[in-house]
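**Q** I'd like to ask you about the structure that follows.
The values are calculated or read from the model by the stated rules, or taken from the named source; none is laboratory data. Quick caveat, the model's predicted, so the values are computed rather than measured. Here the Cβ positions follow ideal geometry from the backbone for every residue, glycine too, while neighbour counts run over all protein chains shown.
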Amino acid sequence: MNAKRLRALPLEFAAVTLFAVFFAPFVLVLINSAKGAFQITNAPLALPEDWGQLFRNIATIWTSDNIRYGSSFASSVFITAGSLVLIDLVASQAAWALVRTKTRVSSTVFIVFVAAMVVPFQIVMFPLLSWFRKVTELTGVPLLRNYSGIFLAYVGFGMAQSIFMFHGFIKSIPLELEEAATIDGCRRHEIFYRIIFPILKPIHATVLVLNGIWIWNDYLLPVLVLGKGNRVMTLPLAVSNFAGAFVKQWDLIMTAILMAMIPVVIFFLFAQKSIIKGMVAGSIK
Amino acid sequence: MRAHTEKRLVFWLFLAPALFAFVMVILVPFGLGVWYSFTNWSSSPRTGAGIAFVGLDNFVRSFRDPSFLYSFTITTAYTIVNVALVNVVAFALALLVTSAIRFRNFYRAGFFVPNLIGGLILGYIWQFIFNNAIPSLGELLGIAAWSEPANLLLARSPTALLAIVIAGTWQYAGYIMVIYVAALENVPVELHEAAQIDGASPWQRLRAVTLPMVSQAFTITLFLTLVNSFKQFDTNTSLTNGGPSAMFMGKPIFGTELLAMNIYNTAFISNDLAMGQARAVIFFLVIALISTAQVRANKKREVEL
């Protein structure tokens, strides 16, 4: 036992060192969020002279018109949560329909969805904007600079991969389960909501984690669909807006970053097992 | 008969929302996008009216534009270096957190955390590190060269590109690590024990047992990092925003403007939407090519197994 411990010692040392390197950026953000403009430029590595400055910086960010932290945070939560609920429900429904209906149409639709996984955002982003504008002109439904457009966009972009993952899992669910339910008098749609949907739990987790991390941190889609300096901002948009307006005001930028990071890190601490599991499962698919 | 009708109805009702969103955000814009890349499409108010077909003009002009050729070149270089560094670091971390050390699970979670921070936000963090923290560290250690403004990583294009690689590795290595960890944990302990009894050194065991057993994970991580690196945009924006400027083929260009940013800037800064769109089509073709190669590689492996 002791010999084994001894042999692991260099590895333990390597782990501690690497961990310190990986965590240094976070520590830098934290200590520099508690500094004033002067100390941060003079001594970025020193510990803060007065931790009270942290709260003064937070108050500044909280009331800043460029970041509007409270409403940006709420928008980020609303957009992420709303998109996740929609993606999960819409994709699982569609995947079940596609698996359980064996026609030429269903297999063609599935192939088109799968093929769309390789479509990068860049090729659709410019036409998407003019197309959304056109739809608004024609129907009066506002899609740009508005929640409805961003929900629609995330559901559209989330479809391919999510349907693919649900599809793979549903294929492995024995059909007898559904036949038994039909005999027991279950209507077709009830079979999905009552029986299939709950069985999909591990895939729900994967779909929520993968899409959640992407949507929460996404910058390009919100910047295009919502626009810079809009009433509705997500946190990444707000931070970039703030950093653009307060160039080199690192004390406040660091505080803004800290406040943008903390919610995700806290969330991760509570759900780390399922998050890591979900990420692994999603990558292997 | 009624059951059959109900089944068809449910099929279309269940599929409708997915199809609607997909058609609205991917299919139509994709079709429009390919069409626009062959036209003189512009963002002026006459959008939609009076778009004229110009053939391959946007593509020809793109390939004659030094800024595009430069972006293409550095994106390729960036992708190669980033794929290599992310995978080496991730694999080393994975070996470390599956070894006999204490607090393995703590380290796993810890190395993964940067992956939760978006590329945009972490770019600002690293800008501060490269421009402020490193010079200050140089002063503390008495290494004057580190605080020379001309020596800052972000001051010159090749090193600024390396800076994006460093920030990208910090973000992505933890994610790739957990994939390697999952693969490493699937290697049967008996194989290692047998090799050990046969007198294999740790290095020999790594080469003869571990690496072949996790080769499928390599296919996955390789393509994940390839596509991810090629699409780099967020960190590029916040860390360097394309700077510093440089010269290429006798023309001033942005020294770290990767392809995704070049597409964006061509459309919104040079105000040439059609040419930006043509570049996006080229961008798509490269990614489609990489993805096809991945599907092939996976198929081949399945046959072998």
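**Q** Just to be sure, is A:SER274 among the polar types (S, T, N, Q), under 30 Å from B:PHE14 (Cα atoms) and either part of a loop (DSSP other than H, G, I, E, B) or touching a Phe, Trp or Tyr at 6+ places or on another chain (Cβ under 7 Å) (or both)? Give the steps one after another, and end with the answer.
**A** Working: among the polar types (S, T, N, Q): yes; under 30 Å from B:PHE14 (Cα atoms): yes; either part of a loop (DSSP other than H, G, I, E, B) or touching a Phe, Trp or Tyr at 6+ places or on another chain (Cβ under 7 Å) (or both): no.
Answer is no for this residue.
**Q** To continue, here is another question. Of the conditions (1) within 12 Å of another protein chain (Cβ to nearest Cβ); (2) in contact (Cβ under 8 Å) with a residue 40 or more places away in the chain, B:LEU96 clears all except one; give me its number.
**A** (2)
**Q** Then there's this: Report yes if some residue within the stretch A:234-252 is β-branched (Val, Ile, Thr) and not in a helix (DSSP H, G or I); otherwise report no. Steps first, please.
**A** Quick first cut of the stretch A:234-252, residues β-branched (Val, Ile, Thr) only: A:234, A:239, A:247.
After this cut, where a residue has to be not in a helix (DSSP H, G or I) as well, the list is A:234, A:247.
Yes, there is a match, as at least one residue in the stretch A:234-252 is β-branched (Val, Ile, Thr) and not in a helix (DSSP H, G or I).
**Q** Shifting gears a bit: How many of the residues making up the stretch B:126-149 are more than 9 Å from chain A (Cβ to nearest Cβ) and in contact with an Asp or Glu (Cβ under 9 Å, 6 or more places away or on another chain)?
**A** 3
**Q** Can I ask one more? Sort through A:ALA81, A:ALA20, A:ALA24 and tell me the only one that's within 9 Å of another protein chain (Cβ to nearest Cβ) and either within 30 Å of B:THR169 (Cα to Cα) or touching a Pro at 6+ places or on another chain (Cβ under 8 Å) (or both). Steps first, please.
**A** Working: A:ALA81 fails: within 9 Å of another protein chain (Cβ to nearest Cβ); A:ALA20 fails: within 9 Å of another protein chain (Cβ to nearest Cβ).
The unique qualifying residue is A:ALA24.
**Q** Let me ask something additional. Mind checking whether some residue in the stretch A:36-51 is within 10 Å of chain B (Cβ to nearest Cβ) and over 27 Å from B:ASN132 (Cα atoms)? Give the steps one after another, and end with the answer.
**A** Initial filter on the stretch A:36-51 (within 10 Å of chain B (Cβ to nearest Cβ)): A:40-46.
Cutting the leftovers down to over 27 Å from B:ASN132 (Cα atoms) gives us none.
Scanning the stretch A:36-51, I find no residue that is within 10 Å of chain B (Cβ to nearest Cβ) and over 27 Å from B:ASN132 (Cα atoms), so the answer is no.
**Q** Follow-up. For the stretch B:178-222, which positions are assigned to a helix (DSSP H, G or I), under 22 Å from B:TYR107 (Cβ atoms) and not hydrophobic (A, V, I, L, M, F, W, C)?
**A** B:TYR180, B:GLU185, B:HIS192, B:PRO202, B:ARG205, B:THR210, B:THR221, listed by residue number.
**Q** Quick one: which residue in B:ASN82, B:ASN115, B:ASN87 is under 25 Å from the mean Cα position of the chain (by Cα), within 11 Å of chain A (Cβ to nearest Cβ) and closer than 27 Å to A:GLY212 by Cβ?
**A** Numbers: B:ASN82 fails: within 11 Å of chain A (Cβ to nearest Cβ); B:ASN87 fails: within 11 Å of chain A (Cβ to nearest Cβ).
The match here is B:ASN115.
**Q** Would a scan of the stretch B:255-268 turn up a residue that is within 17 Å of the chain's Cα centre (by Cα), closer than 30 Å to B:PHE128 by Cβ and of a type in the set (Phe, Trp, Tyr)? Steps first, please.
**A** Applying the first criterion (within 17 Å of the chain's Cα centre (by Cα)) to the stretch B:255-268 yields B:256-264.
Subsequent filtering for residues that are closer than 30 Å to B:PHE128 by Cβ retains B:256-264.
Imposing the further condition that a residue be of a type in the set (Phe, Trp, Tyr) reduces the set to B:264.
Yes, the conditions are met somewhere in the stretch B:255-268.
**Q** When you check B:ILE121 against the structure, is it assigned to a helix (DSSP H, G or I), of a type outside the set (Gly, Ala, Ser), away from every other protein chain (no Cβ under 14 Å) and buried (at least 23 other Cβ atoms within 10 Å of the Cβ), yes or no? I'd like the intermediate steps shown before the answer.
**A** Details: assigned to a helix (DSSP H, G or I): yes; of a type outside the set (Gly, Ala, Ser): yes; away from every other protein chain (no Cβ under 14 Å): no; buried (at least 23 other Cβ atoms within 10 Å of the Cβ): yes.
Against the criterion (assigned to a helix (DSSP H, G or I), of a type outside the set (Gly, Ala, Ser), away from every other protein chain (no Cβ under 14 Å) and buried (at least 23 other Cβ atoms within 10 Å of the Cβ)), B:ILE121 does not qualify.
**Q** Just one of A:ALA281, A:ALA180, A:ALA245, A:ALA205 is more than 25 Å from A:ASN146 (Cα to Cα), surrounded by fewer than 16 Cβ atoms within 10 Å (Cβ to Cβ) and small (Gly, Ala, Ser); which is it?
**A** A:ALA180
**Q** May I pose another question? Collect the residues in the stretch A:173-186 that are farther than 15 Å from A:THR101 by Cα and in a loop (DSSP other than H, G, I, E, B), keeping them in residue-number order.
**A** A:ASP184, A:GLY185, A:CYS186
**Q** Looking at (1) more than 7 Å from chain B (Cβ to nearest Cβ); (2) assigned to a helix (DSSP H, G or I); (3) at pLDDT below 90, can you tell me which one A:HIS189 breaks?
**A** All conditions pass for A:HIS189, except number (1).
**Q** List pairs: first residue in the stretch A:70-85 and more than 19 Å from A:GLY156 (Cα to Cα), second residue of a type in the set (S, T, N, Q) and surrounded by 14 or more Cβ atoms within 10 Å (Cβ to Cβ) anywhere in the structure, Cβ distance under 6 angstrom, at least six positions apart or on different chains.
**A** What qualifies is A:SER75/A:THR234.
**Q** Scan the stretch A:120-167 for residues that are in contact with a Pro (Cβ under 7 Å, 6 or more places away or on another chain), at the interface with chain B (Cβ under 7 Å from one of its Cβ atoms) and either farther than 14 Å from A:VAL225 by Cβ or among the hydrophobic types (A, V, I, L, M, F, W, C) (or both) and jot them down.
**A** A:VAL124, A:LEU128, A:TRP131, listed by residue number.
**Q** Over 25 Å from B:ALA208 (Cα atoms) and touching a helix residue (DSSP H, G or I) at 6+ places or on another chain (Cβ under 8 Å): does that describe B:PHE91?
**A** Working: over 25 Å from B:ALA208 (Cα atoms): no; touching a helix residue (DSSP H, G or I) at 6+ places or on another chain (Cβ under 8 Å): yes.
Answer is no for this residue.
**Q** Output the number of the condition that B:PHE218 fails; it satisfies all remaining conditions of (1) modelled with pLDDT of 85 or more; (2) within 22 Å of B:ARG156 (Cβ to Cβ).
**A** All conditions pass for B:PHE218, except number (2).
**Q** Ok, one more. Tell me which residues, restricted to the stretch A:96-106, are of a type outside the set (A, V, I, L, M), without any contact (Cβ under 8 Å) to a residue 12 or more places away in the chain and closer than 15 Å to B:ALA18 by Cα. Give the steps one after another, and end with the answer.
**A** Let us first name the residues in the stretch A:96-106 that are of a type outside the set (A, V, I, L, M), namely A:96, A:100-104, A:106.
Then keep just the ones that are without any contact (Cβ under 8 Å) to a residue 12 or more places away in the chain; that gives A:101-104, A:106.
Across the stretch A:96-106, the qualifying residue is only A:SER106.
**Q** Would you say A:LEU269 is out of contact with any Asp or Glu (no Cβ under 7 Å at 6 or more places or on another chain) and either assigned to a helix (DSSP H, G or I) or modelled with pLDDT under 90 (or both)?
**A** Numbers: out of contact with any Asp or Glu (no Cβ under 7 Å at 6 or more places or on another chain): yes; either assigned to a helix (DSSP H, G or I) or modelled with pLDDT under 90 (or both): yes.
The answer is yes for A:LEU269.
**Q** Just to verify a result, which residue in the stretch A:217-236, among those that are closer than 14 Å to A:MET259 by Cβ and either within 9 Å of chain B (Cβ to nearest Cβ) or touching a strand residue (DSSP E or B) at 6+ places or on another chain (Cβ under 6 Å) (or both), is surrounded by the most Cβ atoms within 10 Å (Cβ to Cβ)?
**A** Restricting to residues being closer than 14 Å to A:MET259 by Cβ and either within 9 Å of chain B (Cβ to nearest Cβ) or touching a strand residue (DSSP E or B) at 6+ places or on another chain (Cβ under 6 Å) (or both), the top hit is A:LEU235.
**Q** Restricting attention to the stretch A:255-275, and to residues there that are touching a residue at least 12 places away in the same chain (Cβ under 8 Å) and among the β-branched types (Val, Ile, Thr), which single residue is surrounded by the most Cβ atoms within 10 Å (Cβ to Cβ)?
**A** Among those residues, the one meeting the criterion is A:THR255.
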